[in-house]
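Participant: My structure is below; once you've seen it, I'll send some questions.
The values are calculated or read from the model by the stated rules, or taken from the named source; none is laboratory data. Computed from a predicted structure; not experimentally measured. For neighbour counting, all protein chains shown are included, and Cβ atoms are generated from backbone atoms with ideal geometry for every residue, glycine included.
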Amino acid sequence: MLRVCRWHARPWSRVRQFCRAALAPLVPLEPAAWAAAQALLPRDARPLFDAMARSDQQHAWRVLRSLQARGFYDLPLMQAALLHDCAKRGGRVSLWHRVAVVLLRAFRPDWLERWGQLPAPPRRGWRYPFWAHWNHPQLGAEMAAACGCDPRAVLLIARHQDPPTNGTGHDELDTWLAALRRADDDG
């Protein structure tokens, strides 16, 4: 079944995201932003942020700032904003894989879903970045948990790509999750 993707409704947003990602290697995260991000993370989680691609660091910073502009300053939510895409680097998810993912979501979401639900392919295989992209919420949550992030941040990272109707059952966490999803889409 071919699902309608948000890409159809927001093509200019996707073009803007592509341009930001393509130019990210030329524009490092400002030192003050980097220092603020480091201050919000547990010491053992800071290397996760440091290892992220520049485009992902900049995206994470935009997500965090978007949440703060909406009045959210809760530490678990800030940690989730900073690390929600931390597993993409280890998954070798490049800019071109991201473009392919957007196109697959628009035109062949069944392929992407099938590739993501299969067991992990060999890390050097062509399907691995697609599998990693599909599974990055769970992989990132495991990484954040291992590095001492707040358990609520871990849950938010694990659920940030779930459908909006799939809440946590806790009012505060559901509010945070909805805010994180919105900021992630806008960022």
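Participant: Restricting attention to the range 117-141, and to residues there that are charged (D, E, K, R) and touching a residue at least 12 places away in the same chain (Cβ under 8 Å), which single residue is farthest from Gln79 (Cα to Cα)?
Facilitator: Arg127
Participant: In this structure, does Ala120 turn out to be at pLDDT 95 or above, of a type in the set (Gly, Ala, Ser) and surrounded by fewer than 18 Cβ atoms within 10 Å (Cβ to Cβ)?
Facilitator: So Ala120 does not fit the description; no.
Participant: Only one of Leu103, Leu156, Leu112 is among the aliphatic types (A, V, I, L, M) and either surrounded by fewer than 16 Cβ atoms within 10 Å (Cβ to Cβ) or touching a Gly at 6+ places or on another chain (Cβ under 9 Å) (or both). Can you tell me which?
Facilitator: Leu103
Participant: Return yes when Asp184 is part of a helix (DSSP H, G or I) and over 14 Å from Cys86 (Cβ atoms) and no when it is not.
Facilitator: no
Participant: I'd like to verify a number: residues in the range 51-88 that are of a type in the set (Lys, Arg) and buried (at least 18 other Cβ atoms within 10 Å of the Cβ), how many?
Facilitator: So the count comes out to 1.
Participant: May I pose another question? Quick one: Gly90 ticks every box in (1) closer than 16 Å to Ala36 by Cβ; (2) modelled with pLDDT under 95; (3) of a type in the set (Gly, Ala, Ser) except a single one, so which number is it?
Facilitator: (1)
Participant: For the range 157-176, enumerate the residues that are assigned to a helix (DSSP H, G or I), over 18 Å from Ala69 (Cβ atoms) and either in contact with a strand residue (DSSP E or B) (Cβ under 9 Å, 6 or more places away or on another chain) or not basic (Lys, Arg) (or both).
Facilitator: Once the filter is applied, which keeps residues that are assigned to a helix (DSSP H, G or I), over 18 Å from Ala69 (Cβ atoms) and either in contact with a strand residue (DSSP E or B) (Cβ under 9 Å, 6 or more places away or on another chain) or not basic (Lys, Arg) (or both), the range 157-176 yields Ile157, Ala158, Asp171, Glu172, Leu173, Asp174.
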